[in-house]
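A.B. asks: Pasting a structure here, questions to come.
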Amino acid sequence: MQRTRVSSVVVVYNRFVRRFPTPAHLGQSSLEDIKNVIYPLGLAWRAPLLKKLGQKLDDLDGQIPLTLDELTDLPGVGSYVASAWLSFHANTNSTIIDANVVRWLCRMVDRPYDGETRRKKWLVKFAEILTPEKRNRDYNFAVLDFTMQICTKKPTCSMCPIGVGFCTHGRNMLTCNKGETKG
């Protein structure tokens, strides 16, 4: 939902859970029906995965697995979704890494990043080290909020609770501002 407004997602989510209240309902629905519900989000291409996911969860009697490996074996579930589910819904310690978190961590250590950086061992290890064992869920919510609201592509460094001097972008901003005041 990277470029989708929350209000749009909520409407589709509510329609989705009303139309498919159980995994069995989802797994037994037609692809066309699933596509029609998720179409407003531009995710119609995911309909076959959602149908397979419904079938698999129905086979598991609706019991969602509780390990990262088991979750990522489910159709359409990658490491991000599995980690988020574990942290937010299963109250299990889990490290969440999305594109926004990658950008923040790389700014903190002055490293370049691209679409594949989230898979780099050094970044995963760094994120794991920063993720606390206690209040893991709160930390993950805070990091996701922080990287969506403050440490964005065009960050609001002046509002950063960590401090502008603690990341590449902030240090560059401080250097530029010093140059402007001297000139």
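The values are calculated or read from the model by the stated rules, or taken from the named source; none is laboratory data. Computed from a predicted structure; not experimentally measured. Don't worry about glycine lacking a Cβ; one is built from the backbone with ideal geometry, like all the others, and counts go over all protein chains shown. Heavy atoms of the whole protein, side chains included, go into the accessibility calculation; ligands, DNA and RNA do not. Shrake-Rupley method; radii C 1.70, N 1.55, O 1.52, S 1.80 Å.
A.B. asks: Could you check region 125-155 and list, in sequence order, the residues that are touching a residue at least 40 places away in the same chain (Cβ under 8 Å) and surrounded by fewer than 11 Cβ atoms within 10 Å (Cβ to Cβ)?
C.D. replies: Listed by number, the residues that qualify are GLU133, LYS153.
A.B. asks: Restricting to region 1-32, and then to whatever is open to solvent by less than 40 Å² (accessible area, probe 1.4 Å) and farther than 19 Å from GLY62 by Cα, can you tell me which residue is modelled with the highest pLDDT?
C.D. replies: VAL12
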